[in-house]
Amino acid sequence: MNKKILATALLAFLLIGTSLIPTASVFAAEDTATSTDSEWITEDDNTNVDEDTYTDEDIDPALLEEYEQLLDYTDDISVLADYENKSVDKLNTFDGFGTSNRKQAYTALTNTIIPNYTLFLKGMKKIKTKNKELASMQKVYTKGASLNLQGMKLVKKGLSTSKVNYTSVQKGINLIGQGGDLVEQFNDRFAKYITKFQ
């Protein structure tokens with residue numbers, strides 16, 4: 001099984017977990033100022049790069065509200081990250097599913113992968129936002145996660161008997177692939193969306 005199939009779901013949380021608005025990291029570089037560099041800043045200069053020069057009044061109120069909605073949305077999703085991470089990390093320990101790892105994979109699907117992903121998906125379905133663009137992306141993500149869970153259940157079903165049902169396993173893997181594609185669509189849209197706040 002291609003390890004990238006469900007790892008894309010993890011990428012969504014990596015995107016969400018990263019800073020949405022870059023801070024003054026430009027100024028965090030090593031201090032290599034020469035005498036000519038220091039001529040640019042004098043004691044008379046009132047410019048202080050560490051000082052926040054913008055206030056909420058300088059920002060478009062609609063953009064500020066949209067940013068607040070984004071923060072609320074990412075807070076809601078971040079609560080669910082552990083469930084998804086546990087599930088995806090465990091699933092990615094398997095390169096494939098067959099007779100040699102049937103019992104181990106079935107146990108992992110039963111005890112860790114499916115229960116955690118089920119909790120993750122239930123939480124995703126409960127997330128609501130007034131932001132239409134985020135809501136649209138959320139639908140794509142939830143649909144992808146639903147396909148992933150269906151796929152996991154089909155793989156488990158295929159491994160439930162001593163003779164592996166490879167048809168069921170392959171159908172499950174295909175659904176996980178489709179779900180992964182939708183999660184990747186979410187990731188791409190979300191990454192583009194957050195650039196408006198940078």
Q. Can you tell which of K90, K103, K86 is under 28 Å from I194 (Cβ atoms), open to solvent by 20 Å² or more (accessible area, probe 1.4 Å) and in a helix (DSSP H, G or I)?
A. K86
(Q) For segment 152-169, give me each residue that is among the hydroxyl-bearing types (S, T, Y) and over 29 Å from the mean Cα position of the chain (by Cα). (A) S160, T161, S162, Y166, T167
**Q.** Tally, over segment 145-159, of residues that are open to solvent by less than 60 Å² (accessible area, probe 1.4 Å) and either over 12 Å from G177 (Cα atoms) or polar (S, T, N, Q) (or both)
**A.** 7
Q. What do you reckon, is L63 touching a residue at least 24 places away in the same chain (Cβ under 8 Å), surrounded by 21 or more Cβ atoms within 10 Å (Cβ to Cβ) and of a type outside the set (D, E)?
A. no
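The values are calculated or read from the model by the stated rules, or taken from the named source; none is laboratory data. Since the structure is predicted, the reported quantities are computational estimates derived from the model, not experimental observations. Here Cβ is always computed from backbone atoms with ideal geometry, including for glycine, and neighbour counts include all displayed protein chains. Areas reflect the complete protein model, heavy atoms only, side chains present, ligands, DNA and RNA absent. Shrake-Rupley method; radii C 1.70, N 1.55, O 1.52, S 1.80 Å.
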